[in-house]
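Comments concern the structure below.
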Amino acid sequence: MILLLSSQFFFDASATITELKDQTFTSHLNDITVSGESNEYIITNCSFTGINYEGKNGSTFKAKVYYDGKLSIEDSQFTKCKTNLQRSSGIFASVTGMNRRQSMNKLKQFGDYGSFSLNQGIKTCTGGSSEEPTPKGCICQLSQSEQECACQENDQRQSCICLPIGDLRTHCIGHTIPSCDQATSNQLIDLSTDICECYSVGDPRDQCSSKTCDDPTGDMSNIPISLCPCNNYDDPRRGITCPVINECSNDSVSPKCLCISEHQSHGCICTQSIHPQQCICDNSSESLFPSNICSSTKTCSGSSGDDELITQGQCTCGFGHHPLGCLCKDSEDIDCFCNLEFSPTGCTCPSNSEFICTSIEH
């Protein structure tokens with residue numbers, strides 16, 4: 001029997017003890033949830049036989065054990081239980097709490113028949129080394145030295161276990177996914193839908209009714225490019241997460257297109273050489289004209305005249321107002337910052353290295 005494992009965060013304040021005893025099951029059970037240290041679920045002398053389940057949540061049942069809940073399986077048997085993944089998988093266990101990693105390892109060691117007890121608890125490190133602290137899975141205390149609590153590869157202490165999503169701690173770099181919308185298909189397939197919700201397109205998880213990336217009926221608007229790469233010119237993500245790459249061929253800006261000298265309609269996508277005030281900046285990280293530079297070509301609002309507060313290089317100086325830090329609007333401008341287009345004599349070279357001062361004289 002293979003146990004499919006996940007981890008998530010949920011809290012249930014109720015306190016119950018439930019026992020499942022002396023029964024035989026030939027079909028998938030409803031989810032078993034045990035949350036809170038006063039809650040316990042006991043399965044005793046039960047048989048799970050010939051269960052074929054369509055899904056990833058274990059052929060027999062999904063066990064959700066949260067916040068020091070207790071799950072015990074005593075003298076029970078699992079025989080020929082499979083999912084549509086074409087492999088044996090008896091229980092899908094979703095565990096969280098102070099020692100979820102060691103609990104999940106205990107689950108992995110549980111065979112097709114026998115006894116198992118998952119009783120989470122907090123243990124304080126009392127000895128051993130940073131590589132092998134004792135007892136196994138213990139928690140570092142404030143009184144212990146950094147060396148005693150140093151996180152090692154595959155360290156099972158709670159303070160060293162990395163969260164699957166967004167864990168910014170140094171030792172978790174390379175072991176955690178920055179966010180759900182940056183997860184690849186291979187990473188997403190192992191994450192519970194309680195951690196990352198289903199995507200309507202490109203989601204590889206069986207419990208998600210997701211369309212394929214090449215399905216023309218799929219709505220790609222909010223689909224990360226890590227799941228579905230940018231496709232044709234009318235991809236709705238163009239200008240957002242996908243760069244706009246085709247030039248305008250007429251005055252229409254649908255689908256989104258790059259401004260050219262012959263076609264500069266309101267709403268075309270700004271380029272480094274053609275960026276009228278009414279153009280729109282491409283916010284994609286792969287944009288041909290980076291959005292931070294593009295936005296600086298827009299004229300400062302002038303709402304407060306020269307007293308307008310801006311960051312250096314945020315916008316271009318306007319006619320009649322020069323807020324401190326604005327970029328030179330033309331080759332005759334003075335008291336302004338040099339930029340990609342204009343570097344008149346005496347302009348100030350900005351600290352932003354993306355701007356190049358081309359003709360400064362002192």
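Readers should treat all values here as calculations from the given coordinates under stated rules, not as data from a laboratory. Worth saying up front: this structure is predicted, and the values here are computed from it rather than measured. All Cβ positions, even for glycine, are placed from backbone atoms using ideal geometry, and neighbour counts span all protein chains on display.
A few comments on the model shown:
- Theoretical FRET efficiency, 1/(1+(r/R0)^6), r = Cβ-Cβ of THR184 and ASP31, R0 22 Å, to 0.05: 0.20
- Projected area averaged over orientations for the stretch 232-299, convex hull of C-alpha atoms, nm²: 3.9 nm²
- 5 angstrom amide H check on ILE260, placed H, neighbours 5+ away: CYS248
- Rule-of-thumb Rg ratio for the stretch 249-358 [Cα; 2.2 N^0.38 Å; N residues]: 1.10
- Reduced Cα scattering model of the stretch 308-355, Debye log10 I(q)/I(0), q = 0.33 Å⁻¹: -1.40
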